[in-house]
Amino acid sequence: MATQPNAAERFAQGILPENPVYRQLLGLCPTLAVTNGLKAALTMAGAVAFVLLCANVMTSLIRNLLKPHLRIVVFTLTIATFVTIADRFLAAYMYQMSKTLGPYIPLIIVNCIIICRCEVCASKQSPITAAADALGQSIGFGLALCSIAAVRELLGTGMIAGVRLLPAAWPDWGVMILPPGAFLTFGLLLGLVNWLSRSKK
Amino acid sequence: MTGDTQHAAIVPDSVSGTILIGNLAQAWLVLALALIFGATLAGVQIFLGPIIEANKLNETLQKVPELVLGQALADKMAAENQHLDITRMALSDGAGSAGRRFYTVYEARYQGDVRGWVIKTVGQGYADKIELLLGLSADAGRITGLFILDQKETPGLGNKIADAQWRAQFIGKSVEPSLTVVKNGAGAGHEIDAVSGATISSRSVTRMVDTAVVDLRQQLVSRLHATDGGKG
Amino acid sequence: MEYMIDIALIALSAALINNFVLYYFVGICPFIGVSRRVDMAVGMGCAVTFVISIAALISWSITTFVLMPGAPLSCWIAGFFVSGETAARIDLSILSYIVYIFAISASVQFVEMYVRKFFPPLYKSFGVFLPLITTNCAILFACLTIMSHVAGVDNPAERWDLGRALALAFFGGVGFTIAIVIMAGIREELDLCDIPAPFQGAAITLIVGGILALAFMGFTGVDNGLRNALTQRAPAAVYTAVDPAHVNSNRSIDSETFYLQAVVS
């Protein structure tokens, strides 16, 4: 078996080199859906971080008991439970944000990032490494979401996180807040990231 | 190959026994996890369930003083730690069973007197449903407040119906004759100036207000007289 | 008749106006990953539609009869253990998400078995994508939308029945198929174009998807207009003064209301 990355490497890789959104193209549903405001993007990133961390650590703790044909069931059960907890927490303590994010919090259950990390890392390595991997991937996910959200909110409303940045004369580009803006922003930023990573080589 | 079959033929029971035990162990793992997670979720429900219910109710209840009394008076009441007694009820428009509309109505009393009503109504906007709260005076003759709870109209155009400035047009208007939307500046007392570029959203809100008033005014007035009659 | 209009409008809304892919952003992964060839896209779309419908059937049934607050089956079973009063308030909706995802897994297994038995070459061409339908957001999204219209409405008269739930699910799948097939057709053309290197692959697909979403925005408001035109009730008439003779016969629907009056102070 090839040597697997240790905790520090897992952490560092998750942020940029193996960024879940820009490099692995996983978890695209929330990336497009909740990035019309920076606060919503941060909340979603926080929720995914919580679920990913808990699911990774839990899976890693029981990794020696898992057999191939039932592991997907176990992953699914674990992830669904933690997502339910995160969803109820948000509804109790951040009610307005929970209404804004709507159905996209429960959709974290089918977010490919989490299942992928459980499969690739947590089911094979120790809890510490799994936790580091979860944190790295979450930071990467958060960075990706915030980058898209910043562009969309700034161009669409002239504000970032409710703070007015552009002069009042700026004609708010409404399309940025709407679905086409999500696709276009993400596509252009993805092209930019691809170009940057090519030119670095 | 024959050797293997022979080997398998000689020790079939222990091999299949191992597989059986392996499967049972797996099933036990899933069951144990299910039990642990089930207990956790039950705990979450017990602790957080009431908070979430309270959030849902308060979302509307907090708006009632402002919609019935106006912002200034509501703030003054809050500062003096006074409260309105708010009763929530379900009313319908009295139509036949098909297409009957239901409303949630909040009756606001202060020290026994009905001070006003808040009607929650849901209707179709331009892009999706609009949910709004309509404040009426005690005799249901005057609009005292309007608040948009939920809307998904076009950002920058239709979602200006949520702006306090546009909603302020409704405050103080009489409910009779019913309100109409005009495009170039409201003149008469029953005209509402549409949001420029969002006529349909404006018309939806106005239509919802008019419909709610027509559907419920009789019942609200009769409730008011019923309570007054009891006191008088 | 009004029921058929409602179903038709739900179907239209799910397929075109609030398209699952281009408006709600669910099902993006296969939208970008599987849409290279039109025949693959059609196959994937049909499979997803099939799975969504079965999953919606299962999840609506379980939500209505087991999970909802006050659901019949749970209350009946709880009635054996606790008093009737407490049993009527049983609320299992915290288990919703877990139940839905397992219902979806079961649906995918079922469809997999069906396709493997009756369409073996199709099964082979799908490869690993068929089990991956479990992680397709569109299916869970359909279940969640149905849940919000069943367990999330206070008023029993507005609760969705099975017909509406299936209409949303099936035509949501149809809308997904439409979007993914259009994208596949465009990508087949794009293969012949000279795309700059950083944009090849997912980036250009997303940009094209954005233009598609822009095009589909043209459908906004169509169901609103149709609903107004087709279900025209008597327009809000000029209000006439309260007739005192009728004051007492006004029906306040206390006896007919299904939900409780909450007294809050």
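The values are calculated or read from the model by the stated rules, or taken from the named source; none is laboratory data. Treat the numbers as computed from the prediction; the structure is a model and nothing was measured. Heads up, the Cβs are rebuilt from the backbone with ideal geometry, glycines too, and the neighbour counts pull from every protein chain shown. Accessible surface is based on the protein model in full, side chains and every heavy atom, while ligands, DNA and RNA are left aside. Shrake-Rupley method; radii C 1.70, N 1.55, O 1.52, S 1.80 Å.
Of all residues being open to solvent by 20 Å² or more (accessible area, probe 1.4 Å) and facing chain A (nearest Cβ under 8 Å) in the stretch C:99-112, which is farthest from A:D87 (Cα to Cα)? Just the residue, please.
This residue is C:S105.
For C:R159, work out the one condition from (1) more than 14 Å from chain A (Cβ to nearest Cβ); (2) open to solvent by 50 Å² or more (accessible area, probe 1.4 Å); (3) over 21 Å from C:I94 (Cβ atoms) it doesn't fulfil.
(3)
Is it the case that A:L25 is within 13 Å of A:G142 (Cβ to Cβ) and open to solvent by 20 Å² or more (accessible area, probe 1.4 Å)?
no
Tell me, yes or no, whether the stretch C:189-212 has at least one residue that is at the interface with chain A (Cβ under 9 Å from one of its Cβ atoms), of a type outside the set (A, V, I, L, M) and within 15 Å of C:Y23 (Cα to Cα). Talk me through it step by step, then tell me what you get.
Our first condition is that a residue be at the interface with chain A (Cβ under 9 Å from one of its Cβ atoms); within the stretch C:189-212, this holds for C:196-212.
Then keep just the ones that are of a type outside the set (A, V, I, L, M); that gives C:196, C:198-201, C:205, C:209-210.
Narrowing the set further to residues that are within 15 Å of C:Y23 (Cα to Cα) leaves C:209-210.
There is at least one residue in the stretch C:189-212 that is at the interface with chain A (Cβ under 9 Å from one of its Cβ atoms), of a type outside the set (A, V, I, L, M) and within 15 Å of C:Y23 (Cα to Cα).
Check C:A138, C:A184, C:A142 and return the single one that is more than 14 Å from chain A (Cβ to nearest Cβ) and in a helix (DSSP H, G or I). First the steps, then the outcome.
Values: C:A138 fails: more than 14 Å from chain A (Cβ to nearest Cβ); C:A142 fails: more than 14 Å from chain A (Cβ to nearest Cβ).
Going through C:A138, C:A184, C:A142 in turn, just one is more than 14 Å from chain A (Cβ to nearest Cβ) and in a helix (DSSP H, G or I): C:A184.
Counting only residues that are surrounded by 20 or more Cβ atoms within 10 Å (Cβ to Cβ) and within 22 Å of C:R227 (Cβ to Cβ), which one in the stretch B:102-123 is modelled with the lowest pLDDT?
B:F102
Here's a check for you: in the stretch C:172-203, which residue that is over 33 Å from the mean Cα position of the chain (by Cα) and charged (D, E, K, R) is nearest to A:L192 (Cα to Cα)?
Within the stretch C:172-203, the match that is nearest to A:L192 (Cα to Cα) is C:D194.
Determine whether A:L25 is facing another protein chain (nearest Cβ under 8 Å), on the phi > 0 side of the Ramachandran plot and out of contact with any Cys (no Cβ under 6 Å at 6 or more places or on another chain). Break it down into steps so the answer makes sense when it comes.
Values: facing another protein chain (nearest Cβ under 8 Å): yes; on the phi > 0 side of the Ramachandran plot: yes; out of contact with any Cys (no Cβ under 6 Å at 6 or more places or on another chain): yes.
The answer is yes for A:L25.
So if I check each of A:L145, A:L192, which one is touching a Pro at 6+ places or on another chain (Cβ under 9 Å), within 14 Å of chain C (Cβ to nearest Cβ), assigned to a helix (DSSP H, G or I) and surrounded by 17 or more Cβ atoms within 10 Å (Cβ to Cβ)?
Numbers: A:L192 fails: surrounded by 17 or more Cβ atoms within 10 Å (Cβ to Cβ).
Answer to the check: A:L145.
When the residues of the stretch B:142-152 are filtered to those that are open to solvent by 10 Å² or more (accessible area, probe 1.4 Å) and out of contact with any Asp or Glu (no Cβ under 7 Å at 6 or more places or on another chain), which remaining residue is farthest from B:T211 (Cα to Cα)?
Initial filter on the stretch B:142-152 (open to solvent by 10 Å² or more (accessible area, probe 1.4 Å)): B:142, B:144, B:147-152.
Add one more test, that the residue is out of contact with any Asp or Glu (no Cβ under 7 Å at 6 or more places or on another chain), and what stays is B:142, B:144, B:147-148, B:151.
Working: B:R142: 14, B:T144: 16, B:F147: 16, B:I148: 16, B:Q151: 18 Å.
Once the filter is applied, the top-ranked residue is B:Q151.
Listed here are the residues, each with its yes/no results for (1) modelled with pLDDT of 90 or more; (2) within 12 Å of another protein chain (Cβ to nearest Cβ).
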residue	(1), (2)
C:L16	yes, no
C:V26	yes, yes
C:F31	no, yes
C:M40	no, no
C:F50	yes, no
C:A56	yes, no
C:W60	yes, no
C:T64	yes, no
C:G70	no, no
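Looking at the stretch B:159-181 only, could you name the residues that are within 10 Å of another protein chain (Cβ to nearest Cβ) and within 26 Å of A:R152 (Cα to Cα)?
Scanning the stretch B:159-181 gives a single hit, B:N159.
Return the residue satisfying two criteria in turn: it lies in the stretch A:9-22 and is surrounded by 21 or more Cβ atoms within 10 Å (Cβ to Cβ) and part of a helix (DSSP H, G or I), and of such residues it is nearest to the other protein chains (Cβ to nearest Cβ).
At the first step, the residues of the stretch A:9-22 found to be surrounded by 21 or more Cβ atoms within 10 Å (Cβ to Cβ) are A:10, A:14, A:19-22.
Next, from what is left, pick out any that are part of a helix (DSSP H, G or I): A:10, A:14.
Values: A:R10: 22, A:G14: 19 Å.
Filtering first and then ranking leaves A:G14.
If only one of B:L35, B:L48, B:L67 is surrounded by 13 or more Cβ atoms within 10 Å (Cβ to Cβ) and either among the acidic types (D, E) or more than 10 Å from every other protein chain (Cβ to nearest Cβ) (or both), which one is it?
On the way: B:L35 fails: surrounded by 13 or more Cβ atoms within 10 Å (Cβ to Cβ); B:L48 fails: either among the acidic types (D, E) or more than 10 Å from every other protein chain (Cβ to nearest Cβ) (or both).
Of the residues listed, the single one that is surrounded by 13 or more Cβ atoms within 10 Å (Cβ to Cβ) and either among the acidic types (D, E) or more than 10 Å from every other protein chain (Cβ to nearest Cβ) (or both) is B:L67.
May I ask you to verify whether C:S96 is part of a helix (DSSP H, G or I), touching a Leu at 6+ places or on another chain (Cβ under 6 Å), at pLDDT 90 or above and within 14 Å of chain A (Cβ to nearest Cβ)?
Numbers: part of a helix (DSSP H, G or I): yes; touching a Leu at 6+ places or on another chain (Cβ under 6 Å): yes; at pLDDT 90 or above: yes; within 14 Å of chain A (Cβ to nearest Cβ): yes.
Criteria met by C:S96.
For B:L149, indicate whether it is more than 14 Å from chain A (Cβ to nearest Cβ) and closer than 23 Å to B:L91 by Cβ.
Working: more than 14 Å from chain A (Cβ to nearest Cβ): no; closer than 23 Å to B:L91 by Cβ: yes.
It is false that B:L149 is more than 14 Å from chain A (Cβ to nearest Cβ) and closer than 23 Å to B:L91 by Cβ.
With respect to A:T59, determine if the residue is more than 14 Å from chain B (Cβ to nearest Cβ), in contact (Cβ under 8 Å) with a residue 40 or more places away in the chain and of a type outside the set (A, V, I, L, M, F, W, C).
Numbers: more than 14 Å from chain B (Cβ to nearest Cβ): no; in contact (Cβ under 8 Å) with a residue 40 or more places away in the chain: yes; of a type outside the set (A, V, I, L, M, F, W, C): yes.
Criteria not met by A:T59.
How many residues does the stretch C:127-160 hold that are out of contact with any helix residue (DSSP H, G or I) (no Cβ under 7 Å at 6 or more places or on another chain) and at pLDDT 90 or above?
As a first pass, look at the stretch C:127-160 and keep what is out of contact with any helix residue (DSSP H, G or I) (no Cβ under 7 Å at 6 or more places or on another chain): C:127-128, C:132, C:148-149, C:152-158.
Now restrict to residues that are at pLDDT 90 or above: C:148-149.
Result for the stretch C:127-160: 2.
Any idea how many residues of the stretch C:90-114 are farther than 14 Å from C:A151 by Cβ and more than 21 Å from the chain's Cα centre (by Cα)?
Keep residues of the stretch C:90-114 that are farther than 14 Å from C:A151 by Cβ, which gives C:98, C:101-114.
Next cut, more than 21 Å from the chain's Cα centre (by Cα) only: C:112-114.
Count: 3.
Go through A:A150, A:A168 for me and flag whichever is over 18 Å from the mean Cα position of the chain (by Cα) and either surrounded by fewer than 20 Cβ atoms within 10 Å (Cβ to Cβ) or outside any helix (DSSP H, G or I) (or both). Explain how you work it out, then say what you get.
Values: A:A150 fails: over 18 Å from the mean Cα position of the chain (by Cα).
So the residue among A:A150, A:A168 that is over 18 Å from the mean Cα position of the chain (by Cα) and either surrounded by fewer than 20 Cβ atoms within 10 Å (Cβ to Cβ) or outside any helix (DSSP H, G or I) (or both) is A:A168.
Enumerate the pairs (first residue in the stretch B:62-83 and touching a residue at least 40 places away in the same chain (Cβ under 8 Å); second residue anywhere and acidic (D, E) and surrounded by 12 or more Cβ atoms within 10 Å (Cβ to Cβ)) with beta-carbon separation below 7 Å, excluding pairs fewer than 6 apart on the same chain, so at least 6 apart or on different chains.
If the second residue must be acidic (D, E) and surrounded by 12 or more Cβ atoms within 10 Å (Cβ to Cβ), no pairs are left.
Okay, residues lined up against (1) on the phi > 0 side of the Ramachandran plot; (2) at pLDDT 85 or above; (3) open to solvent by 50 Å² or more (accessible area, probe 1.4 Å):
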| position | (1), (2), (3) |
| --- | --- |
| B:T154 | no, no, no |
| B:I161 | no, yes, no |
| B:W166 | no, yes, no |
| B:I171 | no, yes, yes |
| B:D193 | no, yes, no |
| B:G197 | yes, no, yes |
| B:S201 | no, yes, no |
| B:R207 | no, yes, yes |
| B:L224 | no, no, no |
